[in-house]
Amino acid sequence: MSDPLWHLSENSEELTCTELEFALMRCYEAFGRWQSECLASVSDTVVTGPENALLHLVRMNNRAKSIKELARLTNRDDIPNIQYSMRKLVSEGLVEKHGSGRTGVTYNATVKGVEVTEEYSDLRKRLLIEQLESQPQLGEQLKAAGKALNTLSGIYEEASRVAALYRR
C-alpha cells in the first residue's frame, strides 16, 4: 500500500485491524439498539443495551449477583455506572437488591424481571435466532468469531495495561 489511507492504517495489517475495530464499534452499537428495542417490545421498560445485558446476567443461573460479579462478567470497570444501572433496574421493578454495605449487596430478578426476560427470550428466538438458523454456514462462522473475539479481548486488555505505562 503506497498511500496511507489515514493515520490508523499505513499498511495492510493496520488497515485490517482498523476495519475490524470499526466493525466492532458498529456491531456493538447495533447490538445495543437491538437489545433496547427487543426489551421495549415486550415491556414498557426503556433501558440501554448494557442495562439489558445486566438484567439478563442477574437472571443467569437464577442466582443473585454482586456488582463485582456483574463487572467481571461484562469486563467493565465503571462500577458507579453499573450501580446506576442497577438502581434503574430496581426502580423498574425488574431486579431487587438484597443486603447492605460494600460487599454484602446482591441483586436478583423479580417475578416481573423473570417474566420480561422470558418474553425477551421468546421474541429473540423469533426475530434473531430463526434468522441465524436459516443460514447454516453462519453457525460455524459465529463460533469462530466468538473465539476470535475472546482472544482479541485478551489482547486488548494486555495492550491497555501496557498503554497505561506510557501515559503522560
Where A144 falls short, out of the listed (1) in contact with a Lys or Arg (Cβ under 7 Å, 6 or more places away or on another chain); (2) at negative phi: (1)
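Can you tell me which residue within segment 87-97, out of those that are assigned to a helix (DSSP H, G or I) and either open to solvent by less than 70 Å² (accessible area, probe 1.4 Å) or small (G, A, S) (or both), is nearest to Q35 (Cα to Cα)? Don't jump to the end; show me each part of the working.
As a first pass, look at segment 87-97 and keep what is assigned to a helix (DSSP H, G or I): 87-91.
Of the ones still in play, those that are also either open to solvent by less than 70 Å² (accessible area, probe 1.4 Å) or small (G, A, S) (or both) are 88-91.
Working: K88: 16, L89: 15, V90: 18, S91: 19 Å.
Looking at the filtered set, the residue picked out is L89.
Okay, residues lined up against (1) touching a helix residue (DSSP H, G or I) at 6+ places or on another chain (Cβ under 8 Å); (2) of a type in the set (K, R):
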residue: M25; (1), (2): no, no
residue: W34; (1), (2): yes, no
residue: S43; (1), (2): yes, no
residue: E51; (1), (2): yes, no
residue: L54; (1), (2): yes, no
residue: R87; (1), (2): no, yes
residue: S91; (1), (2): no, no
residue: K97; (1), (2): yes, yes
residue: T106; (1), (2): no, no
Index of the failed condition, Y84 passing every other in (1) open to solvent by 70 Å² or more (accessible area, probe 1.4 Å); (2) closer than 21 Å to T45 by Cα; (3) free of Cβ contacts under 8 Å to residues at least 40 places away in the same chain; (4) over 18 Å from the mean Cα position of the chain (by Cα): (4)
Selection count where residues are of a type outside the set (S, T, Y) and not in a helix (DSSP H, G or I), scope segment 20-45: 1
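For segment 46-66, name all the residues that are of a type in the set (A, V, I, L, M, F, W, C), in a helix (DSSP H, G or I) and open to solvent by 20 Å² or more (accessible area, probe 1.4 Å). If you could, list the steps in order and put the result at the bottom.
Restricting attention to segment 46-66, the residues satisfying the condition of being of a type in the set (A, V, I, L, M, F, W, C) are 46-47, 53-55, 57-58, 60, 64.
Checking which are in a helix (DSSP H, G or I) leaves us with 53-55, 57-58, 60.
Matches in segment 46-66: A53, L57, M60.
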Residues of segment 70-81 satisfying the condition of being farther than 17 Å from G113 by Cβ and either open to solvent by less than 70 Å² (accessible area, probe 1.4 Å) or outside any helix (DSSP H, G or I) (or both): A71, T74, N75, R76, D77, D78, I79
Residue satisfying condition, being polar (S, T, N, Q), within 20 Å of N75 (Cα to Cα) and without any contact (Cβ under 8 Å) to a residue 24 or more places away in the chain, within set T110, T151, T103: T151
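Right, S100: in a loop (DSSP other than H, G, I, E, B) and of a type outside the set (K, R) or not? If you could, list the steps in order and put the result at the bottom.
Details: in a loop (DSSP other than H, G, I, E, B): yes; of a type outside the set (K, R): yes.
Considered against the rule, which asks whether it is in a loop (DSSP other than H, G, I, E, B) and of a type outside the set (K, R), S100 comes out as yes.
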Residue list for segment 98-150, restricted to those being of a type outside the set (S, T, N, Q), within 20 Å of K88 (Cβ to Cβ) and open to solvent by 40 Å² or more (accessible area, probe 1.4 Å): H98, G99, V111, K112, V114, E115, E119
Scan of segment 111-135 for residues that are among the hydroxyl-bearing types (S, T, Y) and at pLDDT below 95, ordered by number: S134
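The values are calculated or read from the model by the stated rules, or taken from the named source; none is laboratory data. Quantities reported herein were computed from a predicted structural model and do not represent experimental measurements. Every residue, glycine among them, receives a Cβ derived from its backbone with ideal geometry; neighbour counts consider all protein chains shown. The accessibility values were calculated without ligands, DNA or RNA, using every heavy atom of the protein model including side chains. Shrake-Rupley method; radii C 1.70, N 1.55, O 1.52, S 1.80 Å.
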